[in-house]
Amino acid sequence: TLEVQVMVPPKIAPFNFGEETLSEGQATSISCLVSMGDLPISFSWLLNGRRIEDASDILISQTGRRISQLSIDAVYHNHIGNYSCLASNNASTVSYTALLMVNG
């Protein structure tokens, strides 16, 4: 008998920082939810195409097996840009991007 395993790639639910442009010093967070896809799933975050490492001003935490959250305690001009969540499993790697704007 032939066994066929169908691998399901991750599917990221759309997210954004909200409709309003943030003011300097405001806190914000976004959650990257993988609504479909085979486990295990690994997450990483990019800012303008560069991987976000652990930083004192940006906290990345995984809550459960399908959600990664990015939090910024106080946004400033250096936080402006495109934030991308990358979700990977054995089938594929996918990403979703949201723009963060800050008023000074």
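Of the peptides 15-21, 44-50, the ranking by mean beta-carbon count within 10 Å, highest at the top, reads 44-50, 15-21.
Give the average over all directions of the projected area of the C-alpha convex hull of the chain, one decimal, in nm².
Numbers: hull surface 28.2 nm².
Result: a mean projected hull area of 7.1 nm².
Other residues with beta-carbon under 11 Å from the beta-carbon of M101 carry, at +1 per Lys or Arg and -1 per Asp or Glu, a net charge of -2.
Starting with the highest mean, order 2-11, 52-61, 29-38, 95-104 by the number of other Cβ atoms within 10 Å, averaged over the residues of each peptide. Numbers along the way, then the final one.
Numbers: 2-11: 10.2, 52-61: 11.8, 29-38: 17.3, 95-104: 14.8.
Packing proxy ranking, top to bottom: 29-38, 95-104, 52-61, 2-11.
Here the relative contact order of the chain, from alpha carbon pairs under 8 Å that lie six or more residues apart, stands at 37 percent.
Tell me the net charge near S29. Cut-off is 14 Å between Cβ atoms, S29 excluded, with +1 for each Lys or Arg and -1 for each Asp or Glu.
Details: positive: none; negative: D57, D73.
Here the count lands on -2.
The numbers here are math on the coordinates, done by the rules we state, and not lab data. In this text, all values refer to a predicted model and were calculated from it rather than measured experimentally. Note that we place each Cβ from the backbone using ideal geometry, even for glycine, and neighbour counts take in every protein chain shown.
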